[in-house]
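Written out below as structure tokens is the structure these notes cover.
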Amino acid sequence: MTRIETLEPEFAEKIKLLIKATEMATQLKWIITSGRRTMAEQLKLYEQGRTAPGKVVTNARPGSSAHNFGLAADLAPMRRDGRIWWEAPKSVWQKMADLAREMGMVSGFYFKTIYDAPHVEDAGWKTVQAKWKAGEIHVS
Ligand SMILES: [Zn+2]
């Protein structure tokens, strides 16, 4: 399964359009570096830098990230040599963030708590989270 296929269908369509528009605007190839994360995967990530080795990469416990509901994706530009261009200038990330905003999504570029430029999430994901908390839907 590709990363785009792990996302909720409607959100996946938006991400496809966002990638196309961002590639046009930046003249770079963009890829999805993270799609849906299971609760177990989120727990493992949360433990990193806390009870497990490594540095802290997230403040989100299982169920607290839009990734757990297939409603977030992390996007990154590629360098000409085919490697991910994590060090791309802010202006490059901002182009993607602004296009995401225009399409009604929320970008981690503008998060006040942590700067998370690759992150894009569905504006309505907390409605799905509330259903999960209420036991109305099952999320693995
Ligand atoms: Zn993310």
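Counting only residues at least eight positions apart within a chain, or on another chain, the lysines with an alpha carbon under 24 Å from that of K16 are K29, K90, K95, K126.
As a rough guide to protection, the peptides 56-66, 42-52, 97-107 ranked by mean Cβ packing within 10 Å, highest first, stand as 97-107, 56-66, 42-52. A dipole drawn for the chain from +1 and -1 charges on Cβ atoms has a positive end, and of A12, G108, P53 the residue lying farthest that way is P53.
With a ≥ b ≥ c the root eigenvalues of the C-alpha gyration tensor of segment 4-133, is it rounded (a/c under 1.5), prolate (a/b larger than b/c) or oblate? Verdict is oblate for segment 4-133. When you count the other C-beta atoms within 10 angstrom of each residue and take the mean per peptide, 80-86, 119-125, 25-31 line up highest first as 119-125, 25-31, 80-86.
Segment 100-114 and segment 13-37 have Cα centres lying 14 Å from one another.
Angle, helix 90-102 long axis vs. longest principal axis of the chain, Cα atoms, 0 to 90°, nearest 10? Once rounded, one gets 60 degrees. Short-range pairs are left out: with C-alpha atoms under 8 Å and at least six residues apart, the relative contact order of segment 4-133 is 24 percent. Label-to-label distance for W132 and K112 is 2.4 nm, based on points extended 7 Å past Cα in the beta-carbon direction. Rounded to the nearest 20, the Cβ-based charge dipole of segment 4-133 about its Cα centre (Lys and Arg +1, Asp and Glu -1) stands at 280 debye. E87 sits among other residues whose Cβ lies under 15 Å from its own Cβ, and their net charge, with Lys and Arg +1 and Asp and Glu -1, is +3.
Just so you know, all these numbers are worked out from the coordinates, no wet-lab data involved. Nothing here was measured: the structure is a model prediction, and the numbers come from that model. Don't worry about glycine lacking a Cβ; one is built from the backbone with ideal geometry, like all the others, and counts go over all protein chains shown.
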